Amino acid sequence: MKARRDIFQAVADPTRRAIISLIALQAMTPNAIAEQFNTSRQAVSKHLQILTECELLTQKQQGREIYYQLEINKMKEIDQWLNQFRKIWEDRFNQIDDILLKLKNKTNE
Amino acid sequence: MNSNLKSEFSFDEEKHTIEIIREFDAKLEMVWEVWTKPEHLANWWGPPGLPITVEKYEFAPQGIFLYSASVQGQSSFGKFVYHRIIKQELLEYITSFSDENGQTIRAPFNEKFPLEIFNSVIFSEQNERTTIVLRGTPLNATEEELEFFSKMSGSIQQGFAGSCTQLENYLETLKKH
């Protein structure tokens, strides 16, 4: 069965967004990630677990260390989905701006 | 878009309500017309360059505005059912997906998306500019639908208009690839 978590939960949290940004630059160990935050290691570890369950992060073993890396394709998928909704409204408003401009020009003729 | 125009998106988690504030560089009378005349609605409600087709338009309380849009060769339908209308002040309507007969259907993209959204738009004018405050909240939604709506809206809010985070910059670079 698929994990109950969904990707919206993953990106709605500011700490998790920050973790994604960090790992986007390079794969990192849990310790290195935790050092970047003021929260407890356990809290960061919980965030990493959620992101992994959402298939946004994967683990890879390198020597004795575990590194987390970003699943770029999954990230793109979310981004497209959210952007659609955000864009719908931005597009509508821009189209209204255009119509209003045309109407104003017409009345000024 | 004129960057001097106010544009805000926020989400009230407790009330499950999206609030969008947008300013337009035009008088109230004109903005009202653009929101309520079918020939204008057809040109802005749908995606850019793809005007929707107005199938039915009854601008009165309980009246229905049924429209169709052709997405990748397939027709899909949506509707507004108008509630209160106070000229140039307030517009209330319920939006949902629809079949060709105007019957409400589930969102085609996700079964957890609320069946109906209640929208209220408040219009006001100041210095020849018009501001709309649009609030949208799921109607008679289940817990699961409310949860989905919250997550989606919360995520959108974080990315909306201006808040340029590291993540967004990164995603921008991805898009260029």
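The values are calculated or read from the model by the stated rules, or taken from the named source; none is laboratory data. The structure presented is a predicted model; accordingly, all values stated were derived computationally and were not measured. Because the Cβ atoms are built from the backbone with ideal geometry, glycine has one as well, and the counts that use them run over all protein chains shown. Accessible surface areas use protein heavy atoms only, side chains included; no ligands, DNA or RNA. Shrake-Rupley method; radii C 1.70, N 1.55, O 1.52, S 1.80 Å.
Which whole number gives the average, over all residues in B:40-46, of C-beta atoms from other chains lying within 10 Å of the residue C-beta?
Across the residues of B:40-46, the mean count of other-chain Cβ atoms within 10 Å is 4.
Report, as an integer, the average count of C-beta atoms from other chains found within 10 Å of each Cβ along A:98-104.
6
Using modelled backbone amide H atoms (1.01 Å from N, in-plane), which distant-in-sequence or interchain residues come within less than 5 Å of B:Ala26's amide H?
Amide H to amide H, under 5 Å and 5 or more residues apart or across chains, B:Ala26 pairs with B:Thr130.
For the range A:7-108, with every protein chain kept in place, what is the accessible area per residue (1.4 Å probe, Å²)?
55 Å²
State the percentage of accessible surface on the range B:18-142 attributable to carbon and sulfur atoms; use a 1.4 Å probe and exclude ligands, DNA and RNA.
Using a 1.4 Å probe with all protein chains present, the range B:18-142 comes out at 48 percent carbon and sulfur.
Restricting to DSSP H runs of at least four residues, report the calculated mean residue ellipticity at 222 nm for the protein assembly as shown, -39500 (n - 2.57) per run over all residues, nearest 500 deg cm²/dmol. Intermediate values should be presented prior to the final figure.
Values: 9 runs with 118 residues, N = 286.
That comes out to -13000 deg cm²/dmol.
At the nearest 100 Å², what buried accessible area, both sides summed, do you get for B and A when the probe is 1.4 Å?
3700 Å²
Within 10 Å of each Cβ in peptide B:18-27, how many partner chain Cβ atoms are there on average? Round it to a whole number, please.
The shielding value for this peptide is 3.
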